[in-house]
Amino acid sequence: MLRERLYLAYPAALDLIDQIDRTGMLPPLHEGGFTGFCHRPAELREEMGEAGLEVMDLVSVEGPAFILGDLDARMADPVDRSVTLEVSRAIERVPEMVGFGPHLIATGIRL
């Protein structure tokens, strides 16, 4: 919503924020758009447990880097890239920070 300014292209998206936060369901913003589910880290852990999986690891894929408007330029510069990746790795497993990034990845084993 913030980085891409989705509210400019899809003003109705602003009315969905509370609903998405409450339900986790992300409806399509336009015809042909995708539907998604927004997990909170604890919810993903719980869902995996309900599926008979023990969570071995849960990380934020992008961490705070996703909010950087100039991420492509930073990744192209060796020093900026190194710092961006170092910061991302430093906080990717911090429980209070995992949910900050837009994508989570969890690995598990069958119980």
**Asked** Between a first residue in region 87-103 that is within 8 Å of Ser60 (Cα to Cα) and surrounded by 13 or more Cβ atoms within 10 Å (Cβ to Cβ) and a second residue that is at pLDDT below 90 and aromatic (Phe, Trp, Tyr), which pairs have beta carbons less than 6 Å apart while being 6 or more apart in sequence or on different chains?
**Response** Gly101/Phe66; Pro102/Phe66
**Asked** Which condition number does Arg45 fail, the rest of (1) in contact with a strand residue (DSSP E or B) (Cβ under 6 Å, 6 or more places away or on another chain); (2) surrounded by fewer than 12 Cβ atoms within 10 Å (Cβ to Cβ) being met?
**Response** (2)
**Asked** of a type in the set (Gly, Ala, Ser), within 23 Å of Asp21 (Cα to Cα), outside any helix (DSSP H, G or I) and in contact with a helix residue (DSSP H, G or I) (Cβ under 8 Å, 6 or more places away or on another chain) - does that describe any residue in region 61-84?
**Response** no
**Request:** Considering each of Leu29, Leu2 in turn, give the residue that is in a loop (DSSP other than H, G, I, E, B) and surrounded by fewer than 12 Cβ atoms within 10 Å (Cβ to Cβ).
**Result:** Leu2
**Asked** How about region 38-62: which of its residues are acidic (Asp, Glu) and in contact (Cβ under 8 Å) with a residue 24 or more places away in the chain?
**Response** Glu54, Asp57, Glu62
**Request:** Write out, first by first residue and then by second, each pair whose Cβ atoms fall under 6 Å of each other, whose residues are 6+ apart or on separate chains, and whose first residue, in region 21-32, is at positive phi while the second is not small (Gly, Ala, Ser).
**Result:** Gly24/Phe37; Gly24/Cys38
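Is there a residue being part of a loop (DSSP other than H, G, I, E, B), outside the structural domain of Arg5 (by TED's automatic domain parsing) and surrounded by 12 or more Cβ atoms within 10 Å (Cβ to Cβ) anywhere in region 50-59? Steps first, answer last, please.
Quick first cut of region 50-59, residues part of a loop (DSSP other than H, G, I, E, B) only: 51-52.
Now restrict to residues that are outside the structural domain of Arg5 (by TED's automatic domain parsing): 51-52.
When the remaining residues are screened for being surrounded by 12 or more Cβ atoms within 10 Å (Cβ to Cβ), the result is none.
No, region 50-59 has no match at all.
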**Contacts under 7 angstrom Cβ, first residue in region 1-15 being farther than 20 Å from Phe100 by Cα, partner exposed (fewer than 10 other Cβ atoms within 10 Å of the Cβ) and polar (S, T, N, Q), 6 or more apart** = none
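The values are calculated or read from the model by the stated rules, or taken from the named source; none is laboratory data. A quick note: this is a predicted structure, and the numbers were derived from the prediction, not measured. Don't worry about glycine lacking a Cβ; one is built from the backbone with ideal geometry, like all the others, and counts go over all protein chains shown.
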